[in-house]
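The values are calculated or read from the model by the stated rules, or taken from the named source; none is laboratory data. Only a predicted model underlies this, so the values are computations on that prediction, with no experimental measurement involved. Counting neighbours? That spans all protein chains shown, and the Cβs are built from the backbone with ideal geometry, glycine included.
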Amino acid sequence: MKIKILQRYLISEFLKYFFIALSSLIFFYIVVDFISNIGAFTKHSPEFKYIIIYFFYKIPEITYRVLPLSVLLATLLAIAFFNKNNEITAVKSSGLSMAKFFAPLIILGAAISVFAFLLSNFVAVRSNVLRRVVMQKYINKNKYYKESSIYKYATRNIFIHYKRSIVTAEIMDPVSKTVKGVNVYVFNDNFLLVKRYIAKTGYFGKGGLELTGGQEDDFYSGKGRRFVQKNFKTLNIPIYLDLNFFRSYTLKPEFLSIINLSEMIEVAKKSESGLSYILTSYYSKLSFPVINLILILIGISIGLLLGKKGNSPVSIGISLVFAFTWWVINSIALSLGESAQLNPILSAFMSDIIFLSFALYLIMDID
C-alpha cells in the first residue's frame, strides 16, 4: 500500500514540475519570439489584440515543440526530490524493483507521446492556419488574404518534374484543368533530351496530358536522322496528374497533418518528384512524439545514477544538453532525408533510435 502511495506521490510531483516547466518554457518562447519579430508586429500599427490572438493560436505549436524538454526536466526534478527525502532508498529497501516502481511514470510518458501526436496533427495544424491568417490579414493588413490562400493552387509560371519529363506552362486554370503556353521536355535514363512538345493549350484528363495546337521535336528519332519536327492538332502524352499536384506544397509541415502528407505522398509517387521531402516530413510526424517517452526513460536512469547529486541546477543543465544534442542530430538527419541522401524512415527516426539505445543501456542497471 505504501508503494502505491509513493507511486501516486511520484506522479503528482512529476506533474507539478512538468506544468511549471511547460508553462515557463512557453512563456519564454513567446517573449523571445515577440522581441525578435517586434519589427514585423509593429510595422503596420495593428491593434495589440491581434498580436495577442496570434500568440494564442501559436501556443499549441509551441507546446508541441517544448514538450520533450519539459518531460525530461520534470522527470529529473521529481526524482531529485525523492532522492533528497530518501524515498528512493525506502523503495529499494522494500524489495520492489525500480522498473515496477516507475511503471506508472513510464505509462504516463507513453500517454504524453500520444497526446503530442494528436496535438501536432489535429490541433496545432489548425491553429497554425488561423495564426497565419491573423498575421497576414490583421497584423500585416492584407485585407484580401484568406484561409484558402495558404493552400492555393499554383496558377502561373508552372514548373513540374514528372518522372523523366519536365512540364512548364505560363498559366494553369484549376477549374477547367487546362494549361496555356505548354512546353514538355522528355529525357532518357541518362538525362539526355529526346523529345520536346510545344503547344498552345493542354488538358489534364484521365488519358494523360492532351495537347492542342503545337509541334513535336524528336531529337533521337531512330530513323537515321538526329532531329525530326512535326506539327499536330491534338496529342496525348502519358503524364497523369490531378489538381492536387498544383497545390502549394512548399508549405512547412506545421501546416500539414499526417493525413495531408499521406495524400501528398500518393501525388508525389505519380510524379516521382519531391517524394523524399514529403516522406521525411510524414515520418517525422510519427517520430517526434516518441521522444517524450524516450526522455522519461533517460530521465529515470540519470536521476537514479545521480542520486542526491541531482539537484535543480544539475537537472536543468542535463536537460538542456540532451535537448540541444537531440535537436542537432534530428536536424542533420532530417536534412539528409529531405535531400534524398538518407532513407526517409531512418532520417526521421535516427535521433529516436540513438536516444532509445542510450536509454536502454542506462536502464539495464536501473536496480
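Go through (1) outside the structural domain of GLU61 (by TED's automatic domain parsing); (2) farther than 24 Å from ILE112 by Cβ; (3) of a type outside the set (S, T, N, Q); (4) surrounded by fewer than 20 Cβ atoms within 10 Å (Cβ to Cβ) one by one and return the number of the condition MET264 breaks.
(4)
Here's a check for you: in segment 72-108, which residue that is of a type in the set (Gly, Ala, Ser) and assigned to a helix (DSSP H, G or I) is nearest to SER301 (Cα to Cα)? Can you show your working first?
Taking segment 72-108 and keeping what is of a type in the set (Gly, Ala, Ser), we get 74, 78, 80, 90, 93-95, 97, 99, 103.
Filter again for assigned to a helix (DSSP H, G or I), leaving 74, 78, 80, 90, 93, 99, 103.
On the way: ALA74: 13, ALA78: 13, ALA80: 12, ALA90: 17, SER93: 18, ALA99: 10, ALA103: 13 Å.
This residue is ALA99.
Give segment 93-148 a look and list any residue that's among the hydroxyl-bearing types (Ser, Thr, Tyr) and in contact with a helix residue (DSSP H, G or I) (Cβ under 7 Å, 6 or more places away or on another chain), or say none.
Taking segment 93-148 and keeping what is among the hydroxyl-bearing types (Ser, Thr, Tyr), we get 93-94, 97, 113, 120, 127, 138, 144-145, 148.
SER94, SER113, SER120, SER127, TYR138, TYR145 - these are the residues of segment 93-148 that are among the hydroxyl-bearing types (Ser, Thr, Tyr) and in contact with a helix residue (DSSP H, G or I) (Cβ under 7 Å, 6 or more places away or on another chain).
Residue by residue through segment 164-202, note down the ones that are over 16 Å from THR212 (Cβ atoms) and touching a residue at least 60 places away in the same chain (Cβ under 8 Å).
If the condition is that a residue be over 16 Å from THR212 (Cβ atoms) and touching a residue at least 60 places away in the same chain (Cβ under 8 Å), then SER165, PRO174 are the ones that fit.
Let's see how each residue does on (1) modelled with pLDDT of 80 or more; (2) within 42 Å of the chain's Cα centre (by Cα):
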| residue | (1), (2) |
| --- | --- |
| ASP217 | yes, no |
| LYS223 | no, no |
| ARG226 | no, no |
| ASN236 | yes, yes |
| ILE239 | yes, yes |
| ASN244 | no, yes |
| TYR249 | no, yes |
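Which ones in segment 8-45 are touching a Lys or Arg at 6+ places or on another chain (Cβ under 9 Å) and either under 19 Å from PHE101 (Cα atoms) or of a type in the set (Val, Ile, Thr) (or both)?
Matches in segment 8-45: ILE30 only.
Could you say which residue among TYR145, TYR138 is out of contact with any Leu (no Cβ under 8 Å at 6 or more places or on another chain), surrounded by fewer than 18 Cβ atoms within 10 Å (Cβ to Cβ) and within 30 Å of GLY39 (Cα to Cα)?
Working: TYR138 fails: surrounded by fewer than 18 Cβ atoms within 10 Å (Cβ to Cβ).
Only one candidate passes the filter, namely TYR145.
Test PHE14 against the stated conditions and say whether it is without any contact (Cβ under 8 Å) to a residue 60 or more places away in the chain and surrounded by 11 or more Cβ atoms within 10 Å (Cβ to Cβ).
Details: without any contact (Cβ under 8 Å) to a residue 60 or more places away in the chain: no; surrounded by 11 or more Cβ atoms within 10 Å (Cβ to Cβ): yes.
Answer is no for this residue.
Of the conditions (1) in contact (Cβ under 8 Å) with a residue 12 or more places away in the chain; (2) under 25 Å from the mean Cα position of the chain (by Cα), GLU47 fails just one. Which one is it?
So GLU47 meets the others, but not (2).
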